[in-house]
Ligand SMILES: Cc1ncc(COP(=O)(O)O)c(C=O)c1O
């Protein structure tokens with residue numbers, strides 16, 4: 001049986017991490033892997049998370065199973081955080097999942113159960129795992145234009161034209177904020193136009209919201225998602241708590257499914273629980289309990305929001321500094337897009353050869369498609385990166 005297995009292509013980002021570890025040069029800089037790092041290079045446990053864990057440890061009296069769809073209080077708290085007033089409770093089914101990835105997987109499973117002929121429309125480029133999960137599942141997908149290589153912004157005309165070709169019953173996968181890997185995002189007006197296109201085509205949106213709070217603020221980052229959900233009869237949202245709560249390894253996420261008719265809600269809810277049952281049965285609880293403990297406690301929630309805001313503003317300051325350094329070095333504003341991008345990532349628009357040169361000459365590790373993790377920088381390494389970008393001829 002196992003002799004027939006074929007080697008899987010290594011994950012490019014994990015391979016880059018291995019190369020980074022093996023590099024013995026002093027002052028090497030890792031801008032590859034997609035986790036937040038503070039200025040000292042540490043991925044910290046947030047203060048409110050520690051406090052919530054302590055509280056859970058003191059008060060938890062059982063480790064018995066929760067519910068197949070997950071803890072209702074967690075789902076309710078997350079529903080409020082993600083959708084706010086845009087949530088129509090009578091039409092929404094929710095599922096606790098194994099991270100945001102688990103939510104995306106279950107969303108695709110549900111879409112395929114609802115429409116075996118579903119085609120998924122996904123941005124070009126997108127988070128590579130979107131494509132690899134769909135390839136593995138055998139779900140057909142087409143890519144819509146998204147990134148404008150010239151401006152490093154969104155090619156919105158291209159996006160709209162391509163999305164206009166979606167059919168009723170197709171799925172349109174959108175990044176709610178902080179697009180990964182490009183950092184280029186839709187404006188409020190463009191979100192409204194996307195809602196119009198969805199309206200015209202009858203395609204169903206699936207919004208991947210993995211970085212709420214990392215871009216323009218907790219509420220601001222959810223605005224596009226809320227607009228789409230309030231306009232579309234049917235919609236799905238896959239939310240991750242990995243980044244904004246810094247609980248990557250706890251595997252905490254949620255899928256929300258909005259149905260058109262309240263009469264269909266219970267069947268959708270039952271189907272979601274069924275999907276968990278078939279995949280891993282009960283979802284993990286610890287991360288969900290941390291999130292719910294924080295969100296339902298005014299003091300903890302305020303402290304968490306304050307720390308998240310420090311993280312967000314720190315990344316914005318690094319963006320501003322890098323764009324400024326590059327403006328000074330090149331005497332042009334052609335890297336100003338770095339300050340306009342939002343979230344942890346920016347796509348530089350460098351060629352693979354230039355990315356390679358930056359690694360060889362300056363020991364700075366950037367993903368081959370020229371995605372760099374802004375959070376891997378600090379005030380001292382920004383000028384080093386700016387110099388390396390210019391020296392590589394980007
Ligand atoms: C765009 C995007 N979606 C979803 C995820 C899923 O995150 P997780 O499964 O760790 O919650 C990530 C994580 O890197 C991401 O970048």
Evaluate the stretch 310-319: report whether one residue or more is assigned by TED's automatic domain parsing to the domain that holds residue 378, in contact with a strand residue (DSSP E or B) (Cβ under 8 Å, 6 or more places away or on another chain) and within 29 Å of residue 38 (Cα to Cα).
yes
I'd like to know if the stretch 345-363 contains one or more residues that are closer than 30 Å to residue 72 by Cα and assigned to a helix (DSSP H, G or I).
no
I'd like the residue in the stretch 240-250 that is farther than 14 Å from residue 81 by Cβ and in contact (Cβ under 8 Å) with a residue 12 or more places away in the chain and, out of all such residues, is nearest to the ligand (Cβ to nearest atom).
242
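Right, residue 232: in contact with a strand residue (DSSP E or B) (Cβ under 7 Å, 6 or more places away or on another chain) and farther than 17 Å from residue 126 by Cα or not?
When the stated conditions are applied, residue 232 passes them.
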Would you be able to say whether some residue in the stretch 233-246 is in a helix (DSSP H, G or I) and either at pLDDT 95 or above or in the same structural domain as residue 196 (by TED's automatic domain parsing) (or both)?
no
Count of the stretch 82-93 residues which are within 16 Å of the ligand (Cβ to nearest atom) and either touching a helix residue (DSSP H, G or I) at 6+ places or on another chain (Cβ under 6 Å) or more than 19 Å from residue 245 (Cα to Cα) (or both)
0
Only one of (1) touching a residue at least 12 places away in the same chain (Cβ under 8 Å); (2) within 26 Å of residue 220 (Cβ to Cβ); (3) touching a strand residue (DSSP E or B) at 6+ places or on another chain (Cβ under 9 Å) fails for residue 129. Which number is that?
(3)
Can you run down the residue pairs with Cβ atoms below 7 Å, 6 or more apart or on separate chains, where the first is in the stretch 360-376 and farther than 15 Å from residue 181 by Cβ and the partner is in a strand (DSSP E or B)?
363/29; 364/29
Mind counting the residues in the stretch 192-215 that are surrounded by 17 or more Cβ atoms within 10 Å (Cβ to Cβ), over 21 Å from residue 255 (Cβ atoms) and away from the ligand (no atom under 16 Å from the Cβ)?
2
Only residues that are surrounded by fewer than 18 Cβ atoms within 10 Å (Cβ to Cβ) and at pLDDT 95 or above: list them for the stretch 29-42, please.
none
Residue identified as free of Cβ contacts under 8 Å to residues at least 24 places away in the same chain and not in a strand (DSSP E or B) among 194, 229, 267
267
Working carefully through the options 162, 157, find the one that is more than 22 Å from residue 82 (Cβ to Cβ), away from the ligand (no atom under 12 Å from the Cβ), touching a residue at least 40 places away in the same chain (Cβ under 8 Å) and not in a strand (DSSP E or B).
162
Can you tell me which residues in the stretch 251-299 are on the phi > 0 side of the Ramachandran plot and more than 16 Å from the ligand (Cβ to nearest atom)?
281
Inspect all residues belonging to the stretch 18-28 and state whether any of them is part of a helix (DSSP H, G or I), within 18 Å of residue 370 (Cβ to Cβ) and touching a residue at least 60 places away in the same chain (Cβ under 8 Å).
yes
Tell me which of these residue 231 doesn't satisfy, since it passes every other one: (1) surrounded by fewer than 18 Cβ atoms within 10 Å (Cβ to Cβ); (2) over 23 Å from residue 166 (Cβ atoms); (3) more than 11 Å from the ligand (Cβ to nearest atom).
(2)
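The values are calculated or read from the model by the stated rules, or taken from the named source; none is laboratory data. As the structure is a prediction and not an experimental result, all values here were calculated from the model. Glycine also receives a Cβ, built like all others from the backbone with ideal geometry; neighbour counts cover every protein chain displayed.
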